[in-house]
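Engineer: Dropping the structure in here first, questions after.
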Amino acid sequence: MPVANITGAASGIGLALSRQFTEQGWNVTLADVDVLGGQRAAEELSDQTFFHKTDVLNWDDVASLYKKTVEKFGRIDYVAANAGVADFQSLYEKNDGEPQKPNLRTIDIGLNGQIYCLYLAAHYFRQNGWNGGTIVFTSSNAGLYKLPTNPQYAAAKYGIIGLVRSVAPVFQKENIRVNCICPAFVPTGLEPQFLLKVMPSDHLTPMSNIMRAFDNCAKDSGLVGQVAECSQGNIFYREQVEY
Ligand SMILES: NC(=O)c1ccc[n+]([C@@H]2O[C@H](COP(=O)([O-])OP(=O)(O)OC[C@H]3O[C@@H](n4cnc5c(N)ncnc54)[C@H](O)[C@@H]3O)[C@@H](O)[C@H]2O)c1
């Protein structure tokens, strides 16, 4: 049975993906900082899952997540590096006194923590020999367009796209496939409730389309270094700009 490691799995996209994989018979490790939500989700899904408390910006947590997954299931085939958070601090705030060090936690989680996931995924995929493995990052539409309300979030998501396009051709030589998906507005806990109330329903991207994009990455070995923009019912594979 294939094995998946999913971060940010206690809610939203990560939880939906954990459900999709367990329904397909996969073994899944759900990783999240939310212990209660993560444990509840793992118990509800199936005995093919377990929960590992993981803060993706903590190297020891992430290393332990991968190690425990291999101890329990014997291997890792698919990683969804999915955890992400909105900006904690406004970059536009004005200080009367001495400026204080800004809170860059959004970058630490949304980019640096994802690099830990990639580094460890490559290590454990190599143990599968030529079968390799697949890692899919959850970037965002905010990695393709501007998002003035959350510039740190946008910077992290742009960073993921640069990371994916840069490493994918190199890891491909070891049959390690690296891709990312860029969801538009999906109704989850991440999105502000007031926006969900005023957003016309046909402007939303259904969770089923996001799941389809993750599934494509699992099943289509031709997808390498792809940036899959998921908007409403569509998936657009976006190319880098011309040199
Ligand atoms: N919902 C959208 O419209 C949308 C659009 C584009 C991209 N995304 C991206 O999708 C991913 C999933 O978001 P979602 O919409 O499901 O939101 P969500 O808030 O429902 O889920 C995010 C999960 O990540 C977890 N998390 C937060 N910080 C963490 C950390 N340091 N370590 C481990 N887990 C952590 C949270 O506890 C939560 O369970 C994020 O990367 C987000 O940026 C979402």
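The values are calculated or read from the model by the stated rules, or taken from the named source; none is laboratory data. Just so we're clear, the structure is a prediction, and the values are computed from it rather than from any experiment. Neighbour counts are summed over all protein chains in view; Cβ atoms, including those assigned to glycine, are modelled from backbone coordinates with ideal geometry. Calculation scope for accessible area: heavy atoms of the full protein, side chains included, ligands and nucleic acids excluded. Shrake-Rupley method; radii C 1.70, N 1.55, O 1.52, S 1.80 Å.
Engineer: Excluding residues fewer than 8 places away in the same chain, name every one of the lysines whose C-alpha is closer than 27 Å to that of K146.
Structural biologist: K94, K101, K157, K197
Engineer: Oh, and also: Quick check: from the Cα gyration tensor, does region 194-243 come out rounded (a/c under 1.5), prolate or oblate?
Structural biologist: Details: a/c = 3.67, a/b = 1.65, b/c = 2.23.
Note, shape of region 194-243 comes out oblate.
Engineer: Once R0 is set to 22 Å, what does the formula 1/(1 + (r/R0)^6) return for the Cβ-Cβ distance between L104 and K146, expressed as a FRET efficiency to the nearest 0.05? Could you put the intermediate results ahead of the total?
Structural biologist: On the way: r = 19 Å, r/R0 = 0.87.
With a Förster radius of 22 Å, E is 0.70.
Engineer: Another question, then. Give the Debye-formula value of log10 I(q)/I(0) at each listed q (0.15 Å⁻¹), with one equal scatterer per alpha carbon of the chain, two decimals each.
Structural biologist: -1.02
Engineer: Helix 59-73: angle to the longest alpha-carbon principal axis of the chain, degrees 0 to 90, nearest 10?
Structural biologist: 30
Engineer: So what is the accessible area of the chain per residue, in Å², with the probe set to 1.4 Å? If you can, show how the numbers build up before the last one.
Structural biologist: Values: 12190 Å² over 243 residues.
With the other protein chains kept in place, the chain gives 50 Å² per residue.
Engineer: Looking only at V70, V198, V164, which one moves most when the chain is put into a Gaussian network model with springs between Cα atoms under 10 Å?
Structural biologist: Comparing V70, V198, V164 in a Gaussian network model of the chain, the most mobile one is V198.
Engineer: Here's something else I'd like to know. May I ask you to give the percent of accessible area on region 1-143 that is carbon plus sulfur, with a probe radius of 1.4 Å? List each step's numbers first, then the result.
Structural biologist: Values: 3370 of 6800 Å².
The value for region 1-143 is 50 percent carbon and sulfur by accessible area.
Engineer: Run the numbers for M199 and S46: contour at 0.36 nm per residue of separation, minus the present Cα-Cα distance, in nm. Please report the intermediate quantities before stating the final value.
Structural biologist: Numbers: separation 153, 0.36 × 153 = 55.08 nm, distance 3.43 nm.
Net length gain for the segment: 51.7 nm.
Engineer: Could you sort R177, R19 by accessible area so the largest value comes first, with the probe set to 1.4 Å? Kindly include the intermediate steps, with their values, before the conclusion.
Structural biologist: Numbers: R177 20, R19 100 Å².
Sorted descending by solvent-accessible area, the residues read R19, R177.
Engineer: Excluding residues on the same chain fewer than 8 positions from K72, give the lysines whose Cα lies under 29 Å from its Cα.
Structural biologist: Result set, ordered by chain and number: K53, K173, K219.
Engineer: Excluding F125 itself, calculate the net charge of residues whose Cβ lies under 11 Å from the Cβ of F125, where each Lys or Arg counts +1 and each Asp or Glu counts -1.
Structural biologist: +1
Engineer: Compute the acute angle (0 to 90°) between the alpha-carbon long axis of helix 151-171 and the principal axis of greatest extent of the alpha-carbon atoms of the chain; round to the nearest 10°.
Structural biologist: 30
Engineer: Which length gain, in nm to one decimal place, applies between V241 and N58 when the Cα-Cα distance is subtracted from 0.36 nm times their residue separation?
Structural biologist: Values: separation 183, 0.36 × 183 = 65.88 nm, distance 3.39 nm.
Here the answer is 62.5 nm.
Engineer: Using only Cα atoms, find the angle between the long axis of helix 113-126 and the longest principal axis of the chain, and express it within 0 to 90 degrees, rounded to the nearest 10.
Structural biologist: Here the helix axis deviates by roughly 10 degrees.
Engineer: Using only DSSP helix segments of four residues or longer, with each worth -39500 (n - 2.57), what per-residue ellipticity at 222 nm results for the chain after dividing by its residue count and rounding to 500?
Structural biologist: Working: 7 runs with 92 residues, N = 243.
Rounded to the nearest 500, it is -12000 deg cm²/dmol.
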